[in-house]
Amino acid sequence: MKLPGTQLSLFETRSSSDPFAVRVSPRARRLTARVHVGGRVEIVVPVGVSARTVRDFVQRFTPWIDRKVAAMQCFAAPADPVPSHIEFPLTSEKFAVDWSLAAQRRLAQTVQRIEVQAADERGVRALLQGWLKQAAYERLAPRLLQLAQELNYPVSRVSIRCQRTRWGSCSTRGTVSLNCSLLSLRWEVVRYLFIHELAHTKHMNHSASFWRLVEKIEPDYRRLDRDLLAGWRTVPGWVFKT
């Protein structure tokens, strides 16, 4: 596989035993290195960027990429086919999961039990992943909006996603996207992530001004940022398994 319009091979800038994927995105405004859970590396490239520029970017950031790969490999969780129980450390909730194979898809929830039916394990996981996103919205959105109101920061909309590399993001239109896996973290870490994204409503970057604002709201942000990175270890494998 080669970068469209160039002669750059995936293996030119790193060793053949440690490849990365190159993805050209018309939405990208700058070169970005993303390291997924498990250590897979993806370089996101704006349209029209030369192979030399990509090569120089990867070489310049190789030390950072290597550190991130080592960290994300450690955090990779085994992909459970279907969970027997689901826990939300954020709210101290626990749910038993009863599942069976059936032609018709069905998910029913009582207070502490979830019953799921689908034609195969993949279908069961899909139902549980959909349920998880809804559960995340119900538990995360009100807390985020309340904090935004307390800090007097504008949020136009809250959305829930299931990403492998981001805990959250904030758009220029004031939409805050949150990862459903935040339910696997402690409240103080989730609150820090909220603060981080709300600070982006004032600074759409990671400049010194941005970090000063984060520190003003949460002085212990450095420790919490490390805990947030380590939080990938707590996410069950079935959440990302297709």
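Over the Cα atoms of region 115-189, how large are the radius of gyration and the largest Cα-Cα distance (Dmax), in Å?
14.3, 48
Send over a whole-number figure in Å² for the accessible area per residue of region 91-228, probe 1.4 Å.
Roughly 54 Å² per residue, with all protein chains present.
How large is log10 of I(q)/I(0) for the chain at q = 0.07, 0.08, 0.15 Å⁻¹ when the intensity is taken from the Debye formula with one equal scatterer per alpha-carbon?
Listed by q, the Debye log ratios stand at -0.29, -0.37, -1.16.
Can you give the relative contact order of the chain as a percent, counting alpha carbon pairs under 8 Å and 6+ residues apart?
With pairs under 8 Å counted, the relative contact order is 16 percent.
Roll a 1.4 angstrom probe over the protein heavy atoms and tell me the percent of accessible area of the chain that is carbon or sulfur.
Answer for the chain is 49 percent, counting heavy atoms of protein chains only.
Let me have the 222 nm mean residue ellipticity of the chain computed from DSSP H runs of 4+ only, each contributing -39500 (n - 2.57), with the sum over all residues rounded to the nearest 500.
Result for the chain, helices only: -12500 deg cm²/dmol.
Do any of Lys68/Lys133; Lys202/Lys241; Lys94/Lys216; Lys68/Lys94 go past 30 Å between their Cα atoms, and which?
Lys202/Lys241; Lys94/Lys216; Lys68/Lys94
Could you pull the accessible area for Cys162 with a 1.4 Å probe, rounded to 10 Å²?
So the heavy atoms of Cys162 present about 40 Å² to solvent.
Count the DSSP beta bridges whose two residues both fall in the chain, then state the antiparallel fraction as a percent rounded to the nearest 5.
50
Treat region 106-241 as a sphere of radius equal to its Kirkwood radius over Cα pairs and apply Stokes-Einstein at 20 °C in a medium of 1.002 mPa s; give the translational diffusion coefficient in µm²/s, rounded to a whole number.
134
Quote the accessible area belonging to Asp66 in square angstrom, nearest 10, computed with a 1.4 Å probe and with ligands, DNA and RNA left uncounted.
Taking all protein chains as shown, Asp66 has close to 70 Å².
The values are calculated or read from the model by the stated rules, or taken from the named source; none is laboratory data. Being a predicted model, the structure only gives us computed values, none of them experimental. Accessible surface is based on the protein model in full, side chains and every heavy atom, while ligands, DNA and RNA are left aside. Shrake-Rupley method; radii C 1.70, N 1.55, O 1.52, S 1.80 Å.
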